[in-house]
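Data first, discussion second: the structure below is written as structure tokens.
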Amino acid sequence: MCGIIAYRGRKKTAGNLVLTGLKKLEYRGYDSWGVAVNDGESISVCKKTGKIGELNIADLKLPRASLAMAHSRWATHGGVTQKNAHPHMSSQGKIVVIHNGIIENYLELKKKLVKKGHTFHSETDTEVATNLIEEELTLALKKARQSEVSRELLLHAVQSALAQLEGRYAFLVMAEGCDALVAARRGSPLIVGVGEKGEYFVASDIPAFRKYTEHVMYLDDEELVIIDDKGAEFIDMRTQKLLKKRIIKITWKSDDAEKGDFPHFMIKEIMEQKETIQRAINQEPRLIQRAAAMINKAFGTYFVGCGTAGKVSMVGNYLFSKIAHKHINVEFGSEFPNFRHFIKKGSLLLAISQSGETADTLEAMEVAREKGAKLMTLVNVEGSSMDRMADLSIYLNAGPEKAVASTKATTAQMTLLTLLAYACADRLDEGRKLLIETAAKINDMLNPRYEAHIRAIAKKIDKVESMYVIGRGMNYPMALEAAIKLQEVSYIHAEGFAGGELKHGPLALISKGTPCIALVANDETRAEIISNATEVKARGAYVIGVGPQNEDVFDEWIRVPDVGNASPIVTTIPVQILAYHLALLRKNNPDMPRNLAKSVTVK
Ligand code: M6R
């Protein structure tokens, strides 16, 4: 969940450089931050609570050095305090560590380390790793009868300590008196950026160093890299073998991860849907056909995702039922392991994700793989854990999505699922035609007048305590997704319901003035959802209709194009805009909702 970046190279401003990179990762974790600068002799650490975005880096007056690492924290173990912020220094000050992930056996290890005389200052699990590495290093130095920390001894100490840890992690380690950097990965992403003339970056996310290089090497699970004057040496921690890594060129530009003229990433990303839906369609048809063949052949297909991606999986279920007459099983990543008994060798799991790093979805993939199922992913981040694990990856090609609220990745995922459903029905051309027309209509729809109309509606409801969203058929999961969008950025209590369920309980929640959004498609569900809107209106609801035509029951109407089976793609967009403007009216930062982080890499 946290942001990690390190630099080792020729520039003597490593500290400033990593903090600049860290600011680009602020969307990943933002309750505190810290930096460690290593000049080869000593390591200075500075850490603070608060947002890194508010820091004037020059004020810190960091020492000149060509090795540094920085971290922005999203608290898991221990509250938001300066002591709990990373980097963490060991009791004797020999080792400094940055960590993402969770060490499951930290309490047990802590007890042993306390007995050996190590002292602890934070409530984090990370400090245990820091002291364990120090313990191993002290033993190794004694055994080698030397006082200087060589790269070999540091490597040995890190590996011996990591072998004792249970859990998932990404670590960056530096040692006093040594100018090498060690980075290790098990279950939490780390990418090495290759700069000019022996310059390297290590980060949890490419935007941290994209400004400096477009060349990367991916670290896989159970792999470690040591970076020093010799360059970057990759080691398989299980076999101790040296690994050869391919340098990969990133396809997106550094500007793609910037706000440009927009006030927030969220609205920039909403508006980008003019192009991203089209980009999602522009897939190699053979790739879509190959994926469709895998789905058609599978003995049980499971669509799995979390949060918004979980709701997209549900939309996929409707799309496949309607278009391809195919049954799909749908589960949230966290619930999937309960159904492991049904997974067979011929089964297929399709993991849907923006980041490709969501821990629960990754666990579902692991469970399915253990059972011999095939793995496929619809993912935005190339080189992410899901991409690397899957037998077949289809990229969303949406460009970096930085706002916590998923928008353009969501519609790209739905576009691809629609394409896949048509391909499974052997009607790929028809599907492409529909989606190309939809993309053109979205392009026309997303204009300043449209946004202003939705903002005017937001102004009428920004003080309410609760609101509801109803939908039927494919727009039922979109009602659930709409509720997530409203909750996470406006903090208004919002819930989504299937229109037909209203009478079975939720209707009791409606009172005079309660906003109720009705998502309407011009299909076989239209008459019934209008009837549901009439039911809530009769109890006093303020009905906001999102659909292709104005209906008598609507108090407000937000027009969306009539696009048949692509309806969920268009009904979600006005709700994204509504949520964004409600957030602004309620003085919330839509890019950084409270208590949430962009990439949920812990379970
Ligand atoms: O990166 P992923 O798509 O796997 O993330 C899954 C969810 O955490 C994510 O969709 C979350 O629900 C969003 N903040 C919703 O806007």
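Cα centroid distance between the stretch 121-189 and the stretch 230-257, in Å?
Rounded to whole Å, the Cα centres lie 21 Å apart.
Taking the simple approach of a point 7 Å from Cα along Cα-to-Cβ for both His493 and Asp429, what is their distance in nm?
5.4
Convert each backbone phi in the stretch 590-599 into a coupling constant with the Karplus relation 6.51 cos²θ - 1.76 cosθ + 1.60 (shift: θ = phi - 60°), then list the ³J(HN,Hα) values in order as whole Hz, x for Gly and Pro.
Ordered by residue, 3J(HN,Hα) equals x, 7, 10, x, 4, 6, 10, 10, 5, 10 Hz.
Could you calculate the contour length gain from Glu465 to Asn105, that is, 0.36 nm times the residue separation minus the distance between their Cα atoms, to one decimal place in nm?
Numbers: separation 360, 0.36 × 360 = 129.60 nm, distance 4.23 nm.
Full extension from Glu465 to Asn105 adds 125.4 nm.
Hey, got the dipole for the stretch 447-592? About the Cα centre, +1 on K and R Cβ, -1 on D and E Cβ, debye to the nearest 20? Walk me through the intermediate numbers first.
On the way: 15 positive and 17 negative charges, 105 e Å.
For this selection, approximately 500 debye.
Whose amide H sits under 5 Å from the amide H of Leu190, counting only residues 5 or more places off or on another chain, with H placed in the peptide plane?
Hits under the 5 Å cutoff: Leu219.
For the stretch 371-383, just list the computed ³J(HN,Hα) in residue order, Karplus coefficients 6.51, -1.76 and 1.60, θ = phi - 60°, integers in Hz, with x standing in for Gly and Pro.
Result, ordered by residue: 7, x, 6, 7, 10, 10, 9, 10, 9, 8, 8, 5, x Hz.
Amide H to amide H under 5 Å from Tyr542: which residues, 5+ apart in sequence or cross-chain, H placed 1.01 Å off N in plane?
Those qualifying (amide H under 5 Å, at least 5 residues apart or on another chain) are Gly513, Thr514, Cys516.
Rounded to the nearest 500, what is the chain's calculated 222 nm mean residue ellipticity when only DSSP H runs of at least 4 contribute -39500 (n - 2.57) each, over all residues?
Roughly -11500 deg cm²/dmol at 222 nm, from the helical runs in the chain.
In 5 Å bins starting at zero, report the fraction of Cα pairs in the stretch 3-250 per bin as a rounded %.
Answer for the stretch 3-250: a P(r) of 1, 7, 15, 20, 22, 18, 11, 5, 1, 0 percent.
Highest first, please rank the peptides 216-224, 97-105 by the mean number of other Cβ atoms sitting within 10 Å of their residues.
The peptides rank, most packed first, as 97-105, 216-224.
Sticking to Cα atoms, compute the Rg of the stretch 117-252 to one decimal and its Dmax as the biggest Cα-Cα distance, whole number, in Å.
15.5, 50
So, how do all the Cα-to-Cα distances of the stretch 380-534 break down into 10 Å bins, in percent, from 0 on up?
Cα pair-distance distribution for the stretch 380-534, in percent: 9, 28, 36, 21, 6, 0.
Say the dipole of the stretch 405-486 comes from +1 at the beta carbon of Lys and Arg and -1 at that of Asp and Glu; which of Pro448, Leu434, Thr415 then lies farthest toward its positive end?
Pro448
Starting from the Cα of Asp255, move 7 Å in the Cα-to-Cβ direction to define the label point; list residues of the stretch 190-227 whose amide nitrogen is under 16 Å from there.
Only 211-212 fall inside the zone, counting backbone N under 16 Å.
Using +1 at the C-beta of Lys and Arg and -1 at the C-beta of Asp and Glu, which of Gly564, Ile577, Ile544 has the Cα lying farthest in the positive direction of the dipole of the stretch 535-582?
Ile577
Write down the radius of gyration of the stretch 259-445 and its Dmax, each obtained from C-alpha positions, in Å.
Final numbers for Rg and Dmax: 15.7, 51 Å.
Give the span of the stretch 188-290's Cα atoms along each principal axis, as three whole-Å numbers ordered largest to smallest.
48, 39, 24
Among the listed pairs Lys61/Lys110; Lys23/Lys268; Lys24/Lys112, which have their C-alpha atoms separated by more than 27 angstrom in this model?
On the way: Lys61/Lys110 34 Å; Lys23/Lys268 18 Å; Lys24/Lys112 38 Å.
Checking Cα-Cα distances, Lys61/Lys110; Lys24/Lys112 exceed 27 Å.
Taking θ = phi - 60°, what integer Hz values does the Karplus form 6.51 cos²θ - 1.76 cosθ + 1.60 yield along the stretch 562-575, in sequence order, with x for Gly and Pro?
So the J values, rounded to whole Hz, are 8, 10, x, 5, 8, 3, x, 5, 7, 6, 6, 5, x, 5.
What residues have an amide H closer than 5 Å to that of Asp31, excluding those fewer than 5 places away on the same chain, when H is modeled at 1.01 Å from N in the peptide plane?
Under 5 Å from the amide H of Asp31: Arg73, Trp74, Ala75.
Which one, His86, Thr213, Thr119, projects farthest toward the positive side of the charge dipole computed for the chain from Cβ point charges (K/R +1, D/E -1)?
Checking the options against the dipole of the chain, the answer is Thr119.
Please work out how much length the chain gains when fully extended from Phe299 to Thr239, using 0.36 nm per residue of separation minus the C-alpha to C-alpha distance, in nm with one decimal. Don't skip to the answer; put the middle values down first.
Numbers: separation 60, 0.36 × 60 = 21.60 nm, distance 3.55 nm.
Contour length minus Cα-Cα distance gives 18.1 nm.
Can you tell me the order of 270-282, 49-61, 147-159 when each peptide is scored by its average per-residue count of other Cβ atoms within 10 angstrom, highest first? Don't skip to the end; give the middle numbers.
Numbers: 270-282: 21.2, 49-61: 13.5, 147-159: 18.1.
Answer by packing, highest mean first, reads 270-282, 147-159, 49-61.
How do 318-331, 369-382 rank on mean C-beta neighbours within 10 Å, highest first? Write out the running numbers ahead of the final one.
Working: 318-331: 18.7, 369-382: 21.1.
Top of the packing list down: 369-382, 318-331.
Starting from the alpha-carbon convex hull of the stretch 452-590, give the projected area averaged over all orientations, in nm². Spell out each step's value before the answer.
Details: hull surface 28.3 nm².
Its average projected convex-hull area is 7.1 nm².
Can you compute log10 of I(q)/I(0) for the chain with the Debye formula, treating each Cα as one identical point scatterer, at q = 0.09 Å⁻¹?
For the chain, the Cα-only Debye profile gives -0.73.
Calculate the length of the line joining the C-alpha centroid of the stretch 73-102 to that of the stretch 264-329, in whole Å.
When both Cα centres are located, 39 Å separates them.
Read the figures in this text as sums done on the coordinates, not as results from a lab. Model, not experiment: these values are computed from the prediction. Every residue, glycine among them, receives a Cβ derived from its backbone with ideal geometry; neighbour counts consider all protein chains shown.
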